Amino acid sequence: MWTERLLTATGLANRDVRMDWGEVETALNVHLPAVYKELCRAFGIGEFSGYLGILSPRDMLAMVESYTAEDAEPGGLLHPYRIHADEPGGLIPWGWSHTDTLFFWHAEPPEPMAWPVLVRNEADEEWQRYDMSVSEFITRTLTDPGFTPDFEGVSVARSAPVPTFEPA
């Protein structure tokens, strides 16, 4: 539903991009949310409205490895959370922004479709939690002027009133 709304908002047709999620799901020992895979299949990997980028499976694994090293440091960037490893309950990165805002799932059991979106700007110690799918989060970020998940209170929908997508 939200992926279709996002396709309509950007004026794009479903690109039907096939991706192999097996490696990342095996490495993380989880199944990623189906709506994320649907979003990636519809758009591919790229950037929405010059603001929010979607990670490829390979980039997702690279970020997990990078954050795993940082996660060992007390009070690090992910505090009070930890990166997802083989045990459930950690963070899994799915996106990034040009404003140094990081986008994660909190991989809380039992069901990936219920994982909340957690957002943090690297310059801020506060986390924001959104109990919604990635597709809803991105759609609202790009189309709802009152939705401001950026820590500087910037509305992407006001800054870029016509949502766009640029494939990587």
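The values are calculated or read from the model by the stated rules, or taken from the named source; none is laboratory data. Only a predicted model underlies this, so the values are computations on that prediction, with no experimental measurement involved. For neighbour counting, all protein chains shown are included, and Cβ atoms are generated from backbone atoms with ideal geometry for every residue, glycine included. These accessible areas exclude ligands, DNA and RNA; they are computed on the full protein's heavy atoms, side chains included. Shrake-Rupley method; radii C 1.70, N 1.55, O 1.52, S 1.80 Å.
Entry note, the chain: the mean residue ellipticity at 222 nm calculated from DSSP H runs of n ≥ 4, each adding -39500 (n - 2.57), is -9500 deg cm²/dmol after division by the residues and rounding to the nearest 500. Rounded to whole numbers, the Karplus 3J(HN,Hα) couplings from phi for the stretch 114-130 are 9, 5, x, 8, 10, 10, 8, 8, 4, 8, 10, 8, 7, 10, 10, 10, 10 Hz, using 6.51 cos²θ - 1.76 cosθ + 1.60 with θ = phi - 60°, and x at Gly and Pro. Each Cα pair under 8 Å and six or more residues apart adds its separation to the average, and for the stretch 1-76 the resulting relative contact order is 31 percent.
The spread of Cα positions in the chain, taken along each principal axis and listed from longest to shortest, comes to 42, 35, 27 Å.
Solvent-accessible surface of the stretch 89-138, averaged per residue with a 1.4 angstrom probe and all protein chains in place: 40 square angstrom. Protein heavy-atom surface of the chain, 1.4 angstrom probe: 50% of the accessible area is carbon and sulfur, with nucleic acids and ligands not counted. Given the options Met113, Phe137, Leu78, identify the residue whose Cα lies farthest towards the positive end of the charge dipole of the stretch 75-159 (+1 on Cβ of Lys, Arg; -1 on Cβ of Asp, Glu). Checked the options; the winner is Phe137.
For the stretch 56-137, the alpha carbon convex hull comes to 99 Å³ per residue, rounded to a whole number. For the stretch 43-168, a simple Cβ point-charge model (Lys and Arg +1, Asp and Glu -1, everything else neutral) yields a dipole of about 380 debye relative to the Cα centre.
Between Rg and the Kirkwood Rh of the stretch 2-69, both from Cα atoms, what is the Rg to Rh ratio? Answer for the stretch 2-69: 1.00.
Surface listing: Thr143, Thr101 arranged by accessible area from highest to lowest gives Thr143, Thr101, probe 1.4 Å.
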